[in-house]
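Here the structure is laid out as structure tokens; the discussion comes afterwards.
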């Protein structure tokens, strides 16, 4: 279908190895879901005028990168209505294969890559607004054991990730993919408990058009119990994803993708901390130059409360810190509220297993509210537990929850969430479905809602878990106000 993907692995900013996988073939199987963002050319800056109302335009095209679909599934959904095109291809190819079942929205499909490497999924026309794709993989034993999924990423010039360790048996890798026609030059900045690591390490990484490079964060900044990673494209754009794996001798604690986070202040929400007896660690980092104090609250089905002795956390400027929340966990799904006066990024890493038993990891990061609605991507049927965690931090909220299959959406189920509470909605596969998606739609008058989809399983080898935060689908973009320029068309 397409030429093989150029994939380079950079370790410590020095050595390179070239991987050339065989051409990628995809087959359309079933359902799934997620969120994407469109691209738009904005007017010349000199034509922008302040004081005028901005205009809005529907997203007409969207492309996302699934960083490594090896041995897994890629779920895609086009939730709007109308005709368009969804196509899938390799990172280094200008050609792609249309997904016939997604030519008309609303539509959904599961793409099953037969070979290794990253995948580009794009949408045009009516399939672009709200378009999303997600990568999912489960392996119960052996190397790369774990249940992990990640939202396929829209290219950008600025990324933040909180949490990945680089000490002991931890291995963290950064995937940089360039699907644009121009080369990108990227700086990777790593911060630990003592502040920024050598600022000269990780600078000036070139990512050519159609290229994916894998950078070892562990070699850039070894022996960090927690970290914050920033990716800045000085030229061009990249899609960035971080994968973290932890082992202790012969025991695997699984692998997980670390979701990106955007530095923000105010009341921030980590929408789902899985219940369980394992470790629950909060990682916080502020890029601000000021020290600060943040306030924590936990939200359960019984309401919210300040964790005793850990409701106030001192946050030093530009230092990654961790807070142990393990003893604060309840038997139900919990959400975390972080109130901050400075912009910060935060994530919670949940670990299960131990004492000679294989385990798994799940990362949850600060996330936006659902706005007009959010879609949970791949929800596999079979031997696992699936739940939707919904949080209303400030006011009572009400949502409709629908499952999505090839036969269309189910009848809605109304769910009410009291102010300050987190409710877990158990998900059940529609009859005959091997996998499905879930659409959550806040109702008129509802307070802000945050959500995440949780998956857990208990094979003989040890527990598995993963978490994916819901995000609002991007259906339109805001255009800056413009007026005709008097000199337009006049030679200068």
Worksheet, complete the sentence: Scoring the chain by relative contact order with C-alpha pairs under 8 Å, at least six apart, yields a percentage of 18 percent
Fill in: Antiparallel bridges, percent of DSSP beta bridges restricted to the chain (to nearest 5)
95 percent
Response to the item:
Here the relative contact order (percent) of the stretch 374-478, from C-alpha pairs under 8 Å and at least 6 apart, is 39 percent
Discussion item. Rounded, prolate or oblate, given the Cα gyration tensor of the stretch 374-478, with a/c below 1.5 counting as rounded?
Written reply: prolate
Worksheet, complete the sentence: Expressed in nanometres to one decimal, the distance between label points 7 Å along Cα→Cβ at residue 413 and residue 331 is 2.1 nm
Response to the item:
Taking a ≥ b ≥ c as the square roots of the eigenvalues of the Cα gyration tensor, with a/c under 1.5 meaning rounded and otherwise prolate when a/b exceeds b/c and oblate if not, the stretch 119-179 is oblate
Worksheet item: How much length, in nm to one decimal, is gained on full extension between residue 94 and residue 182, taken as 0.36 nm per residue of separation minus their Cα-Cα distance?
Response: 30.4 nm
Fill in: Distance between the stretch 415-447 and the stretch 220-269 - C-alpha centres, whole angstrom
28 Å
Discussion item. If each residue of separation counts as 0.36 nm, what is the full-extension length gain between residue 70 and residue 206 once their alpha-carbon separation is subtracted?
Written reply: 46.5 nm
Response to the item:
Rounded to 0.05, the calculated FRET efficiency for the beta carbons of residue 116 and residue 400 at R₀ = 51 Å is 0.85
Fill in: Two-site label geometry, residue 324 and residue 339: point separation in nm, points 7 Å out along Cα→Cβ
2.7 nm
Worksheet, complete the sentence: Quick calc, residue 265 & residue 312: beta-carbon distance into FRET formula, R0 25 Å, rounding 0.05, result 0.95
Discussion item. Rounded, prolate or oblate, given the Cα gyration tensor of the chain, with a/c below 1.5 counting as rounded?
Written reply: rounded
Discussion item. Can you give me the C-alpha center-to-center distance between the stretch 448-464 and the stretch 185-211, rounded to a whole angstrom?
Written reply: 32 Å
Worksheet, complete the sentence: With a Förster distance of 30 angstrom and the Cβ-Cβ distance between residue 443 and residue 305, calculated FRET efficiency to the nearest 0.05 equals 0.65
Fill in: In range of the label at residue 157: residues from the stretch 180-194 whose backbone nitrogen is under 15 Å from the point 7 Å along Cα→Cβ
180-187
Worksheet, complete the sentence: Fewest to most Cβ atoms within 10 Å: 357, 223 sort as 223, 357
Item to complete: Can you put 360, 324, 140 in order of Cβ neighbours within 10 angstrom, beginning with the fewest?
Response: 324, 140, 360
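Bear in mind these aren't lab numbers, they're just calculated from the coordinates by the rules spelled out. Keep in mind the model is a prediction, meaning the values are calculated, not measured. Please note: Cβ atoms are built from the backbone with ideal geometry, for glycine as well, and neighbour counts cover all protein chains shown.
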